[in-house]
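Throughout, read-outs are computed from the coordinates displayed, never taken from laboratory work. Owing to the predicted nature of the structure, the values given are computational and were not obtained by experimental measurement. Please note: Cβ atoms are built from the backbone with ideal geometry, for glycine as well, and neighbour counts cover all protein chains shown.
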Amino acid sequence: MQEVPYFCPNCRSNRIKFSTITSYSQSFLKDALSGIVKEFLEPEPIVETEPTIQCLVCSFASNEMRFIKQAEREPRVETPTTAVYR
Ligand SMILES: [Zn+2]
């Protein structure tokens, strides 16, 4: 994940609360006749080029770049209490 601001492109009210969604692949063996699962193998995370991010306000999930691009389009406006004056 990149250390840059996110902004949810769906609800456009959340810059703070997110989760990252990881997909796993878990192989298993079935009995060809009964259909019973005989063995589960170790789950392995699916390597993705970009993490999937979910907004915890509206549950919208998408690739990280959409959240980053939205934050770039609509940067957080600094208020007098957060602005640094030089
Ligand atoms: Zn949202």
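Could you go through the range 2-12 and let me know if any residue there is in contact with a strand residue (DSSP E or B) (Cβ under 9 Å, 6 or more places away or on another chain) and among the β-branched types (Val, Ile, Thr). Taking every residue of the range 2-12 in turn, none turns out to be in contact with a strand residue (DSSP E or B) (Cβ under 9 Å, 6 or more places away or on another chain) and among the β-branched types (Val, Ile, Thr). Within the range 53-65, is even one residue surrounded by 14 or more Cβ atoms within 10 Å (Cβ to Cβ), in a loop (DSSP other than H, G, I, E, B), touching a Ser or Thr at 6+ places or on another chain (Cβ under 8 Å) and of a type outside the set (S, T, N, Q)? Checked the range 53-65: at least one residue is surrounded by 14 or more Cβ atoms within 10 Å (Cβ to Cβ), in a loop (DSSP other than H, G, I, E, B), touching a Ser or Thr at 6+ places or on another chain (Cβ under 8 Å) and of a type outside the set (S, T, N, Q). Only a single criterion out of (1) within 11 Å of the chain's Cα centre (by Cα); (2) within 16 Å of the ligand (Cβ to nearest atom); (3) not β-branched (Val, Ile, Thr) is not satisfied by Glu50, namely (2). The residue that is nearest to Val77 (Cα to Cα), among those in the range 26-65 that are of a type in the set (Gly, Ala, Ser) and free of Cβ contacts under 8 Å to residues at least 24 places away in the same chain, is Ser59.
Among the conditions (1) over 12 Å from Arg15 (Cα atoms); (2) within 16 Å of the ligand (Cβ to nearest atom); (3) of a type in the set (Val, Ile, Thr), Ile68 misses just one, which is (1). Annotation: of all residues in the range 5-25 being assigned to a strand (DSSP E or B) and without any contact (Cβ under 8 Å) to a residue 24 or more places away in the chain, the one that is nearest to the ligand (Cβ to nearest atom) is Tyr24.
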